[in-house]
Amino acid sequence: MKTRANFSTISLVALVVMSFTFMSCEQKVEGIKIAVAGPFTGNIAAFGEMIKRGAELRAKEINAAGGVNGKTLMLVFEDDAGKDKEASLVATRIATNRNILAVVGHFNSSCSLAGKPIYKRAGIVELSPGSTNVRVCEGSDWTFRNLYRDDFQGGFVAKYIKNVLTDIQKIAIFFDNDDYGRGLKDGFTNAAQKLGLDIVATEAYDRDNTDFKAQLTSIKAKNPDLVFISGLYSQAGLIASQAREVGITVQLFGADGVDSPGFLEIAGDAADGTYVSTPFVFELGGSEAQRVAKAFEAEYGVAPDTWAALTYDAVGMIVEAIEKGGENRKAIQKYLASMTTPEKGYEGITGLTYFDKNGDCIKPAYVKVVHDGKFVPAEKQMLDTEM
Amino acid sequence: MRVKLSTKIVILFIVVCLLPLLTYSADLLVQWASDRDISLPIPSGDYMLRILVQAYLYMLLALGLNIVPGFTGLLDLGYVGFYLVGGYTAGLLMARLGWSYWVAMPIAAVNGAIWGLLRGAPTLRLTGDYFAIVTFGFSELLFRVVKNEEWLIGGPNGFVTDIPAPNLLGHELYHYWQQYYHILILLILTIVVVHRLQHSRVGRAWAAIREDERAAESMGINLREYKSLAFAVSAAIGAVGGAFFAQFQVNISAGAFEFWESILILCMIVLGGMGSISGSIVGAAILGSLGELLRPFGGARYLIFGIILILMMRFRPAGLLSIRRHG
């Protein structure tokens, strides 16, 4: 049969081509290799792009300054597509490659969790520049992160309101019914109750919605002084403009999910005056942060975001651990695990990073405010990390 | 009825049993070469085994799904729902209550079968698109519950963490070669069960239902009974897959049970040939590992994935190994 012959030829050719590419994917090692794992494809690839650029920029600078212990730093990018099943495969790929000394990643909390047991068994450090779920670092000595947890951020916002926005007493919470929105809401509620703030309404919304007027109307009836939007920028933008439409004129507050130019675009004038908390603000960073922001923009033509900054620091931390700890996986883990006090911490562009016993990091949050259609650092910051 | 073992199958079986040896000897070869400063471009044994385990898991799921659309001719778009039930039943029993895997897995299977019957009850009279829509709704419902439920699963996104490895006579089974034989045994058991069912009175009744429901009923086949049996068996196999996945993955989240997984598994049996056991296996072997084998192509890999699917359907519209219909 003719079609049959065609079919077998095609599949044979396909197989041969595939096995060649499969085999040629690794090159000879000359230098120090670390892996960067993140969502470089898939529906949140925009975050992955920033992570990749942040890491590349740092590697370029390190190599220009003479490398790591005189050797070239090489980054191995592995794509988890933001899916936990892919993350486990990628983690196996990385963990079993003895040339790779540590991993910067993953971004999604579900991916960091998927990789955690694999990295733990193989004994290789996983340093996440983006996972904020509470459980990520629990129970493994090999998993670290260089940003705060969802519950810290929620608590921080409550504390900021109590200490800085002193005339606010009654608060309404409007949260995204997803892990991020809920984790944040829970952290916020706990802290707010302890601080004696009055939560008058808690409403949920679904990420697929575009019309929030029903919930907003019921929030308005409770007459709050402030509405805390615990969700992502795309819905928060709509919520801000619809809140103004239904007549809610009070202060709006969002967390790092709202910290995106997308929020300003969607909300328009309604965004003005909104506060957001975030792990990092380039404007408030030191001269080093300003320099990196400029270098980043010169290299890629866009301004770096928080994730690029955190990845930039994560690569730097691993390199410091290699230089001061040693050129093997265990030494890197030992070095990071010993960074338990501010004095032993790592001073990066996003601030000082040091860890608690889980490998969670104790790091301040920043506050920005929308002014004339732009995010600017809020006048008062609250950078202590005591909760 | 006896299962006839042809020489081909015996050889295939031996090869499959020896695969971990092959992957680990590749590791030794790479080690030997690197001691002599030669870098061999061979991926690590554990990584290859992980791809194999994933492919075998998909084979098991494809065999389970195949029972409903392949044997009884009802389009099931929500198979991942049972996979999810199995994963969370076993995961929660093991991680929260500390139950042994060997108890949790059968319970997961039974629980899966119960959900299969529950879903079956209102859909017994539905066929075609209507049945497909109900199955889709069912899995989406389970997915949403797991994602948002607080009392049982305890939080957003359905995270169940630190699911322990199965313990066999005091040994924890977490090495990849152990997981490999673990899923291989489950897979062979599934193949035997499904094969026996297909060639039994039940299988012929299912085939009759698939070809013409009314005619089958007029010949004295109890539709309610046979359809329910198909749903229960199919769901139980899916749940076993889920239980295996839970302990293999260690930390699970709702994201692993998205609608896309149902479609992927359905694609496997369509590609392999609906209703055919070997077809399901071949389809799952290809689609279950292709995504990973194409990784070197980077961002373009799902493009190539799609092109391969289209080419397959162009040249083999009835699937790679379509069933020969008797009579």
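The values are calculated or read from the model by the stated rules, or taken from the named source; none is laboratory data. The shown structure was predicted, so the numbers you read here are calculated from the model rather than taken from an experiment. Please note: Cβ atoms are built from the backbone with ideal geometry, for glycine as well, and neighbour counts cover all protein chains shown. Remember, those area values only see protein heavy atoms, side chains included, never the ligands or the DNA or RNA. Shrake-Rupley method; radii C 1.70, N 1.55, O 1.52, S 1.80 Å.
Let me spell out the model: positive unit charges on the Cβ of Lys and Arg, negative unit charges on the Cβ of Asp and Glu, origin at the Cα centre of chain B. What dipole size does that give, in debye rounded to 20? Write out the running numbers ahead of the final one.
Values: 23 positive and 19 negative charges, 233 e Å.
Rounded to the nearest 20 debye, it is 1120 debye.
In degrees, nearest 10, range 0 to 90: what is the angle between the Cα axis of helix A:150-163 and the longest Cα principal axis of chain A?
30 degrees
In whole Hz and in residue order, list the ³J(HN,Hα) couplings for the range B:307-321 that follow from phi through the Karplus curve 6.51 cos²θ - 1.76 cosθ + 1.60, θ = phi - 60°; x for Gly and Pro.
4, 4, 4, 5, 4, 4, 5, 5, 8, 10, x, 8, x, 5, 10
Can you list residues from other chains, or at least 5 along the same chain, whose modelled amide H is less than 5 Å from the amide H of A:Val125?
A:Val103
Need one word for the range A:186-229: rounded, prolate or oblate. Basis is the Cα gyration tensor (sqrt eigenvalues a ≥ b ≥ c); a/c below 1.5 gives rounded, then a/b vs b/c decides. List each step's numbers first, then the result.
Values: a/c = 3.42, a/b = 1.59, b/c = 2.16.
In terms of gyration-tensor shape, oblate.
From the Cα gyration tensor of the range B:81-155, with a ≥ b ≥ c the square roots of its eigenvalues, which class applies: rounded if a/c is under 1.5, or else prolate if a/b is larger than b/c, or else oblate? Mind dumping the intermediate values first?
On the way: a/c = 3.53, a/b = 1.72, b/c = 2.05.
Taking the square roots of the gyration eigenvalues as a ≥ b ≥ c, the range B:81-155 is oblate.
Can you give the relative contact order of the range B:174-297 as a percent, counting alpha carbon pairs under 8 Å and 6+ residues apart? Mind showing how you got there, number by number?
Numbers: 53 pairs, mean separation 19.6, N = 124.
With pairs under 8 Å counted, the relative contact order is 16 percent.
Determine the total buried accessible area between chain A and chain B, counting protein heavy atoms only with a 1.4 Å probe; round to the nearest 100 Å². Mind dumping the intermediate values first?
Values: alone 17640 and 17060 Å², together 30460 Å².
Protein heavy atoms only, the A-B interface buries about 4200 Å².
Using the Cα gyration tensor of chain A, with a ≥ b ≥ c the square roots of its eigenvalues, what is the shape: rounded (a/c below 1.5), prolate (a/b larger than b/c) or oblate (neither)?
Working: a/c = 2.06, a/b = 1.49, b/c = 1.38.
It is prolate, given that a/c is not under 1.5 and a/b is the larger ratio.
Using a 1.4 Å probe on the protein chains only, how many percent of the accessible area of the range B:1-113 belongs to carbon and sulfur?
Numbers: 3640 of 5020 Å².
Exposed carbon and sulfur together represent 73 percent of the surface.
Got a number for carbon plus sulfur as a percent of chain A's accessible area, 1.4 Å probe? Let's see the in-between values first.
Numbers: 8040 of 15490 Å².
Taking all protein chains in place, chain A shows 52 percent carbon and sulfur surface.
Each residue of the range A:58-63 in order: what ³J(HN,Hα) in whole Hz does its phi give by Karplus 6.51 cos²θ - 1.76 cosθ + 1.60, θ = phi - 60°, with x for Gly and Pro?
Whole-Hz 3J(HN,Hα) from phi for the range A:58-63: 5, 4, 4, 5, 5, 5.
Using the heavy atoms of the protein chains alone and a 1.4 angstrom probe, what is the accessible area of chain B per residue in square angstrom?
On a per-residue basis, chain B sits at 46 Å².
Counting only protein heavy atoms and a 1.4 Å probe, tell me what percentage of the range B:147-305's accessible area is made up of carbon and sulfur. Spell out each step's value before the answer.
On the way: 3990 of 6330 Å².
Exposed carbon and sulfur together represent 63 percent of the surface.
To test your reading of the geometry: what angle, between 0 and 90 degrees and rounded to tens, separates the Cα axis of helix B:128-148 from the longest principal axis of chain B?
Value to nearest ten degrees: 50.
Within 14 Å, Cβ to Cβ, of A:Asn177, how many net charges do the neighbouring residues add up to if Lys/Arg are +1 and Asp/Glu are -1?
On the way: positive: A:Arg182, A:Lys185, A:Arg207, B:Arg144, B:Lys147; negative: A:Asp176, A:Asp178, A:Asp179, A:Asp186, A:Glu203, A:Asp206, A:Asp208, B:Glu149, B:Glu150.
It works out to a net charge of -4.
Pairs of Cα atoms under 8 Å, at least six residues apart: use those to get the relative contact order of chain B, whole percent.
Working: 501 pairs, mean separation 95.1, N = 327.
In percent, rounded to a whole number, it is 29.
In whole Hz, with x marking every Gly and Pro, tabulate ³J(HN,Hα) for the range A:348-355 from phi via Karplus 6.51 cos²θ - 1.76 cosθ + 1.60, θ = phi - 60°.
Each residue's phi maps through the Karplus curve to give x, 6, 8, x, 7, 10, 9, 10 Hz.
Any idea which of A:Val292, A:Gly42, B:Phe315 is furthest toward the positive side of the dipole for the protein assembly as shown, if Lys and Arg beta-carbons carry +1 and Asp and Glu beta-carbons -1?
So the residue furthest toward the plus end is B:Phe315.
What is the set of long-range amide H partners of A:Gly348 at a cut-off below 5 Å, with H atoms built 1.01 Å from backbone N?
A:Thr353
Once you keep just the Cα pairs under 8 angstrom separated by 6 or more residues, what percentage relative contact order results for chain A? Spell out each step's value before the answer.
Working: 758 pairs, mean separation 60.1, N = 387.
Result for chain A is 16 percent.
What are the residues whose amide H is under 5 Å from the amide H of A:Thr274, where those residues sit 5 or more places off or on another chain and H is modelled from the backbone?
Under 5 Å from the amide H of A:Thr274 lie the amide H atoms of A:Val370, each far enough along the sequence or on another chain.
Send over a whole-number figure in Å² for the accessible area per residue of the range A:192-339, probe 1.4 Å. Spell out each step's value before the answer.
Details: 5980 Å² over 148 residues.
Counting only protein heavy atoms, the per-residue value for the range A:192-339 is 40 Å².
Which of the lysines could be linked to A:Lys213 by a straight reach, that is with a Cα gap under 23 Å, when you skip same-chain ones fewer than 8 residues away?
Counting by Cα, and skipping residues close in sequence, A:Lys213 has these lysines nearby: A:Lys170, A:Lys185, A:Lys222.
Based solely on its DSSP helices, what 222 nm [θ] is calculated for chain A when runs of n ≥ 4 H residues each add -39,500 (n - 2.57) and the sum is averaged over all residues, nearest 500 deg cm²/dmol?
After summing the helix terms and dividing by the residues of chain A, the value is -14500 deg cm²/dmol.
I'd like the residues of the range A:90-109 whose 1.4 Å-probe accessible area shrinks by no less than 30 Å² going from the isolated chain to the full set of protein chains.
Residues losing area: A:Thr92, A:Arg93, A:Thr96.
In the range B:170-276, if the dipole is taken from +1 on Lys/Arg beta carbons and -1 on Asp/Glu beta carbons about the Cα centre, which of B:Gln249, B:Tyr176, B:Ala205 is farthest to the positive end?
B:Ala205
Going down the list A:Lys120/A:Lys357; A:Lys334/A:Lys363; A:Lys294/A:Lys368; A:Lys120/A:Lys334, which pairs span over 18 Å between their C-alpha atoms? Before the final figure, lay out each step's value.
Details: A:Lys120/A:Lys357 16 Å; A:Lys334/A:Lys363 21 Å; A:Lys294/A:Lys368 20 Å; A:Lys120/A:Lys334 13 Å.
Going by Cα-Cα distance, A:Lys334/A:Lys363; A:Lys294/A:Lys368 fall outside the 18 Å limit.
Suppose we keep just the DSSP beta bridges with both residues in the protein assembly as shown; what percent of those would be antiparallel, to 5? Mind dumping the intermediate values first?
Working: 16 of 50 bridges.
Once the DSSP bridges in the protein assembly as shown are tallied, antiparallel ones form about 30 percent.
Work out the length of the dipole vector of the range B:4-104 about its Cα centre, built from +1 on the beta-carbon of each Lys and Arg and -1 on the beta-carbon of each Asp and Glu, and round it to the nearest 20 debye.
On the way: 5 positive and 5 negative charges, 67 e Å.
Roughly 320 debye, rounded to the nearest 20.
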